[in-house]
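The values are calculated or read from the model by the stated rules, or taken from the named source; none is laboratory data. No experiment lies behind these values; they were computed from the predicted model shown. Neighbour counts run over all protein chains shown; Cβ positions are idealised from the backbone, glycine included.
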Amino acid sequence: MAGGFDLRDEPWIPVRLLTGESVRLGLRGLFQQAHEIADLELPVPPAAAGLLRILAAMTARVARDGGVRLGDTGVAEDIEDWHALRRRILKRGRFDPEAVNAYFDEEVPAGRFDLFDEQRPFLQDPRLVAECVDPKGAPNPSGVNKLVFGRPTGVNGAVLFGHFTDTAPVPVPADEAVWHLIAQLYFGPSGQCTPRRITSQRTGSGDAAPLRKSLSYFAWAPELFTSLVLAVPGPQAEVDWEAQDACPWEEELNAPLDPLPAMTWPGRMLTGRFRHAALLVPSDDRRSVTDAYLTWATHEPAPPVRDPYQILDRRKDGAFQPREADGTRALWRDVDSLLLKDSAQDAQRPPCLEDLPKHLLPRLRVRAYGFEQDGQQKDSIWFQATTPPILQWQEEADAEMAHHLSRCHRAAEDAGARLDFAAKVAWRIATDVNADTSPKAKIRIDQRKPGPWASAALARYWPSAEVEFWRLAAPEQLTADIERPFVEAALAALDEAIGQVNRADIRVARARSRARSLLFGLLPSSRAA
């Protein structure tokens, strides 16, 4: 039996409709009902980050006006023409059902959207059955647990979301397997993997996936149609404009040992940078995945291209790199990097947030997806978050509010950093009998033994700081005192970390007094009392 799980029509994408109802749709239904969908509800944020790039590439094919597609290179030659086309498409308010059907049924070869197609399964390489073999030539799959993020692999894997072992693997439903396939291709690890034999050599090492340990930011509208149209990156990318653009499901398989195709807009820059190859093994009824092959796809150098959904931070050497995901860092702490122009700071905001239609700005939020990982094998935590409608305060639209929020963020960060230092100073004074407790004595902190107060205080401070930040994020707060609310939040967090009982001790009382004076030092002298 060939195929059997057609992603065009099988219900595998969880969404929430504008009516509040949660349903699952296939690709066809998602595009045809995008104007009726409020949000994606994928429970695996790295899969959502990858899926949105796939959907943006498809949107560039199906979003049309007068026969001209949003992803046509002809209209992309003049950015004003491209923006005008995007405005006309947005004005329509929905995707043309005939254009959606034409793309999925006619413009892409048959079978390419089937998860288990024998010739070209979606985003997979059927050659792995013959190339991922053991020294005796027998098939050597990676195991279904290797596919699913959160499941342990090997004998020492940690159990995160259930009890699974390599000796008794539990099949994963086909719809969920798609999520993890996408997540692996965009966030998979580097290092040792299932060996793949192309020549006489069996190579078992690969590179990290293109989004590993990164954050992604998308302009988020009240309905999915607008979110998807705005997710199509503008044609300012530094790519090969002469080569034919294609997504993996639109072209033939690449030879793993050959040079990579030219980087083109928008298909390859969104879906053509994978470093992993995968193949899912279906159950007999094609409703679940019982095994999987995961290995390297290429060892050629990764093509240099700017991801349109990432913030770039300036390193000490002056170069820029994508901002890394941090599960302890809330989204509001990135707001200034999303609002200010690149020249105003040591960060470059995502290109997808540039040149947004002005009439939509008051309605647009920012959706972030992150996956905290190391560069190789360790996965820590994934998360997603959404801001209030802040894009109306981008520097080009409202410079006063953009810089106000930047100052609020800086005040919060300064208070957090001072709290960290003050709590460590307090711990040293309270616990070291040899420490000089005089008010102006210099205290040396042992970073190997910082004590528990700093981490406890910061855990209490940041949620309170977020409340204060959003309270100050209003035009009527432009002239407000922005330092004191964060200092007071830090003082309260410090007291909670030290605790009422400890403060009865004379050394602790002196330590607390010293720490509080350090925090008050953030306020101008006229307002410190």
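In region 374-390, which residues are under 19 Å from Tyr217 (Cβ atoms) and either modelled with pLDDT under 95 or surrounded by fewer than 22 Cβ atoms within 10 Å (Cβ to Cβ) (or both)?
Ile381, Phe383, Gln384, Ala385, Thr386, Thr387, Pro388, Pro389, Ile390 - these are the residues of region 374-390 that are under 19 Å from Tyr217 (Cβ atoms) and either modelled with pLDDT under 95 or surrounded by fewer than 22 Cβ atoms within 10 Å (Cβ to Cβ) (or both).
Val23: more than 23 Å from the chain's Cα centre (by Cα), free of Cβ contacts under 8 Å to residues at least 60 places away in the same chain and closer than 27 Å to Val289 by Cα, yes or no? Give the derivation first.
Values: more than 23 Å from the chain's Cα centre (by Cα): yes; free of Cβ contacts under 8 Å to residues at least 60 places away in the same chain: yes; closer than 27 Å to Val289 by Cα: yes.
It is true that Val23 is more than 23 Å from the chain's Cα centre (by Cα), free of Cβ contacts under 8 Å to residues at least 60 places away in the same chain and closer than 27 Å to Val289 by Cα.
Give region 197-209 a look and list any residue that's surrounded by fewer than 22 Cβ atoms within 10 Å (Cβ to Cβ) and of a type in the set (A, V, I, L, M), or say none.
Of everything in region 197-209, those that are surrounded by fewer than 22 Cβ atoms within 10 Å (Cβ to Cβ) and of a type in the set (A, V, I, L, M) turn out to be Ile198, Ala208.
So is Phe95 closer than 29 Å to Val178 by Cβ, of a type in the set (Phe, Trp, Tyr) and in a helix (DSSP H, G or I) or not?
Taking the combined requirement at face value, the residue does not satisfy it.
Among the residues of region 247-275, how many are in a loop (DSSP other than H, G, I, E, B), without any contact (Cβ under 8 Å) to a residue 60 or more places away in the chain and of a type in the set (A, V, I, L, M, F, W, C)?
So the count comes out to 5.
Which one is surrounded by the fewest Cβ atoms within 10 Å (Cβ to Cβ) among residues in region 65-78 that are closer than 20 Å to Cys352 by Cβ and at pLDDT 95 or above?
Across region 65-78, the extreme among qualifying residues is Asp72.
Residues checked against (1) at positive phi; (2) at pLDDT 95 or above; (3) crowded, with 24+ Cβ neighbours inside 10 Å; (4) not basic (Lys, Arg):
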| site | (1), (2), (3), (4) |
| --- | --- |
| His83 | no, yes, no, yes |
| Phe104 | no, yes, no, yes |
| Arg112 | no, yes, no, no |
| Leu123 | yes, yes, yes, yes |
| Pro152 | no, no, no, yes |
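Look at Arg514 and say whether it is in a helix (DSSP H, G or I) and under 28 Å from Met401 (Cβ atoms).
Numbers: in a helix (DSSP H, G or I): yes; under 28 Å from Met401 (Cβ atoms): no.
When the stated conditions are applied, Arg514 does not pass them.
What's the number of the only condition in (1) touching a Ser or Thr at 6+ places or on another chain (Cβ under 8 Å); (2) β-branched (Val, Ile, Thr); (3) under 21 Å from Glu250 (Cβ atoms) that Val62 fails to meet?
Val62 satisfies every listed condition except (1).
Scan region 197-237 for residues that are part of a loop (DSSP other than H, G, I, E, B) and either closer than 22 Å to Gly370 by Cα or touching a strand residue (DSSP E or B) at 6+ places or on another chain (Cβ under 7 Å) (or both) and report the count.
Number satisfying all stated conditions: 12.
Any residue at all in region 69-79 that is within 17 Å of Ala246 (Cα to Cα) and assigned to a strand (DSSP E or B)?
yes
Restricted to region 408-426, and to residues that are surrounded by fewer than 20 Cβ atoms within 10 Å (Cβ to Cβ) and in contact with an Asp or Glu (Cβ under 9 Å, 6 or more places away or on another chain), which residue is nearest to Ser214 (Cα to Cα)?
That would be Arg410.
Among (1) at pLDDT 95 or above; (2) over 30 Å from Asp326 (Cβ atoms); (3) not hydroxyl-bearing (Ser, Thr, Tyr), which single condition is Pro259 missing?
(1)
What do you reckon, is Pro362 of a type outside the set (D, E, K, R) and within 28 Å of Ala277 (Cβ to Cβ)? Talk me through it step by step, then tell me what you get.
Values: of a type outside the set (D, E, K, R): yes; within 28 Å of Ala277 (Cβ to Cβ): no.
No.
Would you please name the residue that is surrounded by the most Cβ atoms within 10 Å (Cβ to Cβ), looking only at residues in region 276-296 that are part of a strand (DSSP E or B) and touching a Gly at 6+ places or on another chain (Cβ under 6 Å)? Working first, answer last.
If we filter region 276-296 for residues that are part of a strand (DSSP E or B), which is where we start, we get 276-282, 288-296.
If we keep only those that are touching a Gly at 6+ places or on another chain (Cβ under 6 Å) as well, we get 276, 296.
Values: His276: 24, Trp296: 21.
Per the criteria, the residue is His276.
For Leu52, state whether it is within 27 Å of the chain's Cα centre (by Cα) and not β-branched (Val, Ile, Thr). Spell out the reasoning first.
Numbers: within 27 Å of the chain's Cα centre (by Cα): yes; not β-branched (Val, Ile, Thr): yes.
Yes; evaluated as a whole, the condition is true for this residue.
Looking at Leu51, is it surrounded by 15 or more Cβ atoms within 10 Å (Cβ to Cβ), farther than 28 Å from Arg286 by Cα and of a type in the set (A, V, I, L, M, F, W, C)?
No: the conditions fail for Leu51.
Whether any residue in region 29-38 is closer than 19 Å to Cys247 by Cβ and in contact with a Pro (Cβ under 9 Å, 6 or more places away or on another chain) is what I want to check. Please lay out each step first, then the result.
Within region 29-38, the subset closer than 19 Å to Cys247 by Cβ is 30-31, 34.
Those still in the list that are in contact with a Pro (Cβ under 9 Å, 6 or more places away or on another chain) too: 31.
Within region 29-38, one or more residues are closer than 19 Å to Cys247 by Cβ and in contact with a Pro (Cβ under 9 Å, 6 or more places away or on another chain).
Can you find even one residue in region 371-389 that is within 30 Å of Leu491 (Cα to Cα), out of contact with any Gly (no Cβ under 6 Å at 6 or more places or on another chain) and β-branched (Val, Ile, Thr)?
Yes.
Would you pick out the residues in region 1-57 that are over 23 Å from Met269 (Cα atoms), aromatic (Phe, Trp, Tyr) and in contact with a Phe, Trp or Tyr (Cβ under 6 Å, 6 or more places away or on another chain)?
Phe5
Output the residue which, of all residues in region 461-490 that are assigned to a helix (DSSP H, G or I) and among the β-branched types (Val, Ile, Thr), is nearest to Leu391 (Cα to Cα). Steps first, answer last, please.
From region 461-490, those assigned to a helix (DSSP H, G or I) are 461-472, 475-477, 483-490; that's our starting set.
Narrowing further to those that are among the β-branched types (Val, Ile, Thr): 467, 487.
Working: Val467: 19, Val487: 27 Å.
Looking at residues that are assigned to a helix (DSSP H, G or I) and among the β-branched types (Val, Ile, Thr), I get Val467.
For region 161-196: of the residues being assigned to a strand (DSSP E or B) and buried (at least 18 other Cβ atoms within 10 Å of the Cβ), which is modelled with the highest pLDDT?
That would be Val172.
Scan region 326-352 residue by residue and report those that are over 24 Å from Glu468 (Cβ atoms), of a type in the set (A, V, I, L, M, F, W, C) and in contact with a strand residue (DSSP E or B) (Cβ under 6 Å, 6 or more places away or on another chain). Spell out how you get there, then give the answer.
Taking region 326-352 as the starting set, the residues that turn out to be over 24 Å from Glu468 (Cβ atoms) are 341-343, 346, 348, 350-352.
Add one more test, that the residue is of a type in the set (A, V, I, L, M, F, W, C), and what stays is 352.
Passing the criteria: none in range.
Working only within region 319-344, note down all residues that are outside any helix (DSSP H, G or I) and in contact with a helix residue (DSSP H, G or I) (Cβ under 7 Å, 6 or more places away or on another chain). Spell out how you get there, then give the answer.
Restricting attention to region 319-344, the residues satisfying the condition of being outside any helix (DSSP H, G or I) are 319-330, 340-341.
Matches in region 319-344: Ala330, Leu340.
All but one of (1) in a loop (DSSP other than H, G, I, E, B); (2) without any contact (Cβ under 8 Å) to a residue 12 or more places away in the chain hold for Gln376; which doesn't?
(2)
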